[in-house]
Amino acid sequence: MGSEILHAVLKETFGFETFRPGQEEPIRALLDGKNVFCVMPTGAGKSMIFQVPALLGTGLTIVVSPLIALMQDQISALQVLGVEADTLNSTRSMDEITATWERIRSGKTRLLYMAPERLMNSGTLETMQSLDVKMIAIDEAHCISQWGPSFRPEYEMLMGLKAHFPKVPIAALTASADDATRKDIVTKLFDGDVEVFVSGFDRPNISLSVEPKAGWKRQLKAFVQNRQGQSGIVYCLSRKKTEEAAAFLIDEGFNALAYHAGMAKEVRENNQRRFVKESGIIMTATVAFGMGIDKPDVRFVFHTDMPASMEAYYQEIGRAGRDGDPADAYMLYGLDDIRMRRQFIEQDASSDTEKRRAHKRLDTLIAYCEAPTCRRQALLTYFSDTCEPCNNCDVCLNPVELSEGTREGQMALSAMVRTGQRFGPAHIIDILVGANTARLRQLRHDQLPTWGVGKDHDKNQWRSILRQLVAAGFAHLDVAEFGGLSVTASGGLLLKGEESFSFRPVVGKLKNDPLVRKARQPDIDLDEGEAEIYERLKRLRGKIAGERNVPAYVIFHDKSLRDMAQKQPASVDEFSQVHGVGQAKLDQFGELFMSEIKISKPQ
């Protein structure tokens with residue numbers, strides 16, 4: 001198919017002049033009838049991979065999506081673009097379902113969104129096989145793999161798709177899949193018959209920071225106080241903490257909502273709807289929230305606790321900055337997080353092999369938390385990707401020289417051995433700094449040769465050294481109730497002087513403290529008059545979105561409004577050159593927005 005036809009659809013429907021990197025090749029492969037597996041960073045335009053081919057020629061494209069709310073947002077966005085998109089899901093009435101089937105059978109519907117269990121229902125499959133299905137797209141494809149952190153059993157049903165639709169090309173798309181997950185999907189879904197496209201994992205607009213936990217409420221407050229009016233997500237490990245965080249933020253004057261699986265379904269769905277449609281809401285949530293949330297202006301993701309793995313972390317921070325503007329990912333973590341995560345893995349009803357993989361994945365995340373060099377390089381290395389030092393993470397902005405710490409490592413490991421390798425970090429630190437506590441005296445641990453040998457460092461530094469010993473694999477944190485520290489085989493070599501250890505020292509006030517650093521603004525140059533027009537256009541967009549009951553970004557993204565404010569189009573032809581303006585948006589909104597620009601212009 002000629003390039004001019006593809007670009008005509010891109011411009012006329014979506015309002016874009018060119019494809020983004022990594023989009024055109026898989027689109028062409030699908031149009032050639034090949035199966036495609038695409039791994040692209042969030043915000044890179046994955047949906048375009050199946051939406052553009054769906055609009056060429058005739059036939060129905062089925063899109064498998066995990067969440068009803070997500071389906072509805074994507075359908076709303078397509079309908080505003082003039083695309084006939086529809087869904088079959090459990091929230092629709094019998095009359096709506098009947099009308100939808102009529103549109104499908106008549107060939108009017110171009111894209112049909114369904115949950116996997118709906119599609120794989122025997123009755124639905126039989127009907128679909130009698131229709132002109134031209135392509136099947138599976139969104140959030142990592143849900144198929146048991147090796148990934150977001151495995152969903154209903155997605156496994158999709159493994160039978162090829163048998164039911166042998167001549168229909170299938171596209172699987174995800175933003176996060178490490179090597180093991182990718183291989184699993186290629187085997188399970190495609191039996192190896194697929195073209196794989198991996199477009200890189202870097203999200204350079206997201207600033208990465210990790211900080212030891214030292215009073216999460218104080219740290220959260222310090223972070224959000226410079227971000228009043230921004231949309232953000234605060235991830236918490238438990239449902240109780242989720243509600244506690246929301247109440248705390250509300251008390252501090254922020255517009256916050258909670259979301260977790262234990263809430264009443266209507267409340268949960270209403271909170272999600274508000275978060276997507278309104279601006280300036282902070283959602284405090286468990287990991288039950290977020291898959292496929294297509295809100296482009298989430299300015300930060302804050303983890304009050306360590307995520308489950310690098311893959312889970314990458315997915316969760318990927319919900320920030322989808323519009324390409326600057327965003328922040330900030331994580332708190334401590335030894336207690338590590339213990340809890342290990343416990344979750346052990347309590348899971350999975351096989352020993354899966355548990356071993358989960359522990360290894362957690363090891364990688366722990367090492368990332370204590371990374372002595374560029375954090376982005378550490379993150380991308382996990383996904384077999386590379387980058388130069390980013391100058392947009394806490395380690396690059398506040399470089400710290402490592403200290404030779406073999407002696408400190410030996411002190412800590414010796415204290416563990418001499419106390420039977422069953423005590424937690426707080427007790428080991430009390431021994432090292434020479435604390436005079438009733439418990440130490442009762443256990444006669446104040447008589448040990450290691451008591452007080454580490455007085456040169458304060459408790460805060462020792463906490464960091466213990467975390468780094470665990471991260472480096474010299475010490476192991478038990479998952480039992482008390483979280484005892486023990487010495488690993490590598491730790492034994494360190495004790496003998498056959499291994500060395502360096503640690504990152506705790507430093508005082510940072511010149512670029514990411515916790516209190518002001519949020520970065522988009523790199524756009526709007527003068528005073530243009531900025532005023534931009535604000536008026538945002539208000540107009542909000543009014544139209546409210547009338548149509550859709551999120552504001554469905555009408556226009558911020559980038560389109562900024563482009564309007566700068567170009568100030570006064571004719572239909574000029575308005576059609578604005579970023580993201582295709583024919584349908586030109587017809588629906590051109591006159592309204594040009595009138596607003598005309599009123600706003602200084603006379």
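Entry remark, region 1-24: residues being surrounded by fewer than 17 Cβ atoms within 10 Å (Cβ to Cβ) and either of a type in the set (Ser, Thr, Tyr) or under 25 Å from the mean Cα position of the chain (by Cα) (or both) number 4 in total. Restricting 418, 422, 441, 407 to residues that are in contact (Cβ under 8 Å) with a residue 60 or more places away in the chain and among the basic types (Lys, Arg) narrows the list to 422. Taking interchain pairs and intrachain pairs at least six residues apart, which have beta carbon atoms under 6 angstrom, with the first residue in region 253-279 and in the same structural domain as residue 240 (by TED's automatic domain parsing) and closer than 11 Å to residue 231 by Cα and the second surrounded by 17 or more Cβ atoms within 10 Å (Cβ to Cβ) and of a type in the set (D, E, K, R)? So the pair list comes out as 276/295. Filter region 44-64 down to the residues that are over 12 Å from residue 31 (Cα atoms) and of a type in the set (A, V, I, L, M, F, W, C), then identify the one that is farthest from the chain's Cα centre (by Cα). The extreme case among them is 60.
Screening 209, 238, 199 for residues that are under 28 Å from residue 394 (Cβ atoms), within 16 Å of the chain's Cα centre (by Cα) and hydroxyl-bearing (Ser, Thr, Tyr) leaves exactly one candidate, 209.
Where helices (runs of 4 or more DSSP H) sit wholly within region 143-240, those with at least 2 residues that are under 25 Å from residue 24 (Cβ atoms) and of a type outside the set (Lys, Arg) occupy 179-190. Residues that are surrounded by 14 or more Cβ atoms within 10 Å (Cβ to Cβ) and touching a Gly at 6+ places or on another chain (Cβ under 9 Å) within region 77-119 comprise 81, 82, 110, listed in sequence order. For region 101-142, a residue qualifies if it is in a loop (DSSP other than H, G, I, E, B) and among the polar types (S, T, N, Q), and the qualifying residues are 106, 109, 121, 130.
If you check 9, 64 for being under 21 Å from residue 583 (Cβ atoms) and modelled with pLDDT under 95, only one passes: 9.
What helices (runs of 4 or more DSSP H), lying completely within region 307-371, carry at least 2 residues that are of a type in the set (Gly, Ala, Ser) and surrounded by 17 or more Cβ atoms within 10 Å (Cβ to Cβ)?
352-369
Each row is one residue, and each column tells you yes or no for (1) of a type outside the set (S, T, N, Q); (2) at pLDDT 95 or above.
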| position | (1), (2) |
| --- | --- |
| 88 | yes, no |
| 92 | yes, no |
| 100 | no, no |
| 115 | yes, no |
| 134 | yes, yes |
| 149 | yes, no |
| 152 | yes, no |
| 158 | yes, no |
| 164 | yes, no |
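Restricted to region 66-103, and to residues there that are in contact with a helix residue (DSSP H, G or I) (Cβ under 7 Å, 6 or more places away or on another chain) and of a type in the set (Gly, Ala, Ser), the residue that is farthest from residue 152 (Cα to Cα) is 82.
Against the conditions (1) farther than 29 Å from residue 222 by Cα; (2) at pLDDT 90 or above, residue 535 satisfies every one except (1).
Regarding region 56-65, can at least one residue be identified that is among the polar types (S, T, N, Q), touching a helix residue (DSSP H, G or I) at 6+ places or on another chain (Cβ under 9 Å), more than 23 Å from residue 297 (Cβ to Cβ) and surrounded by 21 or more Cβ atoms within 10 Å (Cβ to Cβ)? Working first, answer last.
Our first condition is that a residue be among the polar types (S, T, N, Q); within region 56-65, this holds for 58, 61, 65.
With the extra rule that they be touching a helix residue (DSSP H, G or I) at 6+ places or on another chain (Cβ under 9 Å), the set shrinks to 61, 65.
Checking which are more than 23 Å from residue 297 (Cβ to Cβ) leaves us with 61.
Now drop any that are not surrounded by 21 or more Cβ atoms within 10 Å (Cβ to Cβ), which leaves 61.
So far as region 56-65 goes, yes, one or more of its residues are among the polar types (S, T, N, Q), touching a helix residue (DSSP H, G or I) at 6+ places or on another chain (Cβ under 9 Å), more than 23 Å from residue 297 (Cβ to Cβ) and surrounded by 21 or more Cβ atoms within 10 Å (Cβ to Cβ).
Would you mind finding the one in 412, 475, 378, 435 that is of a type in the set (Gly, Ala, Ser) and within 29 Å of the chain's Cα centre (by Cα)?
Details: 412 fails: within 29 Å of the chain's Cα centre (by Cα); 475 fails: within 29 Å of the chain's Cα centre (by Cα); 435 fails: within 29 Å of the chain's Cα centre (by Cα).
When all the criteria are applied, what remains is 378.
Of all the residues in region 1-50, those that are in contact with a strand residue (DSSP E or B) (Cβ under 7 Å, 6 or more places away or on another chain) and either of a type in the set (Asp, Glu) or in a helix (DSSP H, G or I) (or both) number 6. Given (1) crowded, with 21+ Cβ neighbours inside 10 Å; (2) at pLDDT below 90, identify the lone condition not met by residue 122. Residue 122 satisfies every listed condition except (1). For the residues 136, 144, the requirement of being closer than 26 Å to residue 102 by Cβ, of a type outside the set (Lys, Arg) and out of contact with any His (no Cβ under 9 Å at 6 or more places or on another chain) singles out 136.
Considering only residues that are in a loop (DSSP other than H, G, I, E, B) and in contact with a helix residue (DSSP H, G or I) (Cβ under 6 Å, 6 or more places away or on another chain), which ones fall in region 275-285?
Going residue by residue through region 275-285, those that are in a loop (DSSP other than H, G, I, E, B) are 278-281.
Within region 275-285, just 281 meets the criteria.
When you check residue 52 against the structure, is it among the β-branched types (Val, Ile, Thr), closer than 19 Å to residue 140 by Cβ and either modelled with pLDDT of 95 or more or not assigned by TED's automatic domain parsing to the domain that holds residue 379 (or both), yes or no? Spell out how you get there, then give the answer.
Values: among the β-branched types (Val, Ile, Thr): yes; closer than 19 Å to residue 140 by Cβ: no; either modelled with pLDDT of 95 or more or not assigned by TED's automatic domain parsing to the domain that holds residue 379 (or both): yes.
No; evaluated as a whole, the condition is false for this residue.
Candidates are the residues of region 241-274 that are out of contact with any strand residue (DSSP E or B) (no Cβ under 6 Å at 6 or more places or on another chain), assigned to a helix (DSSP H, G or I) and at pLDDT 95 or above; the one that is farthest from residue 286 (Cα to Cα) is 251. Applying the set (1) of a type outside the set (S, T, N, Q); (2) surrounded by fewer than 20 Cβ atoms within 10 Å (Cβ to Cβ); (3) outside any helix (DSSP H, G or I) to residue 451 leaves exactly one unmet item: (2).
The values are calculated or read from the model by the stated rules, or taken from the named source; none is laboratory data. Everything numeric in this text was worked out from a predicted model, so none of it was measured. With ideal geometry, Cβ positions are generated from the backbone for all residues, glycine too; neighbour counts draw on all protein chains shown.
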